[in-house]
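Peer 1: Pasting a structure here, questions to come.
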Amino acid sequence: MDRKHNPALTQKAKTLRKNMTKEERRLWYDFLRTYPVRFLRQKVIDNYIVDFYCHQARIIIELDGSQHYDEVGITKDKIRTERIEKRNLTVIRIPNNEINENFYGVCEYIDVCVKESLHR
């Protein structure tokens with residue numbers, strides 16, 4: 001049977017929820033927490049912990065810090081995204097600097113993505 005998640009990661013996900021990055025905290029507390037379509041933080045999917053997950057829209061939001069832009073990070077993210085997208089989920093990657101420099105634009109982009117997904 002193909003599990004939807006790795007139960008061994010549950011405790012780590014709880015720890016990550018308590019220790020979010022400043023960009024994750026900003027997006028969560030200033031936008032996603034009260035967004036009309038429910039998002040979850042640090043959700044275990046497959047063998048990964050995703051930053052934010054919306055079951056209804058089938059969207060995952062990943063906030064990417066500098067470690068995601070070296071050769072190893074790019075390769076790991078590509079494999080991770082492909083594996084998650086096989087579950088009919090859409091992965092949205094947002095650089096941390098966009099949260100810091102263009103927060104309202106990021107929120108508008110997420111809103112458009114969710115609404116488009118819900119209308120499909």
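No value in this document is a laboratory result; all are computed from the given coordinates. Keep in mind that this is a model prediction, so the values were computed, not measured. Here Cβ is always computed from backbone atoms with ideal geometry, including for glycine, and neighbour counts include all displayed protein chains.
Peer 1: Is the shape of the range 45-101 rounded, prolate or oblate, going by the alpha carbon gyration tensor and its root eigenvalues a ≥ b ≥ c, with a/c under 1.5 for rounded and a/b larger than b/c for prolate?
Peer 2: oblate
Peer 1: Taking the Cβ of Leu40 as the center, what net charge do the other residues with Cβ under 11 Å away carry, scoring Lys and Arg +1 and Asp and Glu -1?
Peer 2: +4
Peer 1: For the peptides 11-20, 88-97, what is the packing order when you average, over each peptide's residues, the other Cβ atoms within 10 Å and list the highest mean first?
Peer 2: Ranked by mean Cβ neighbours within 10 Å, highest first: 88-97, 11-20.
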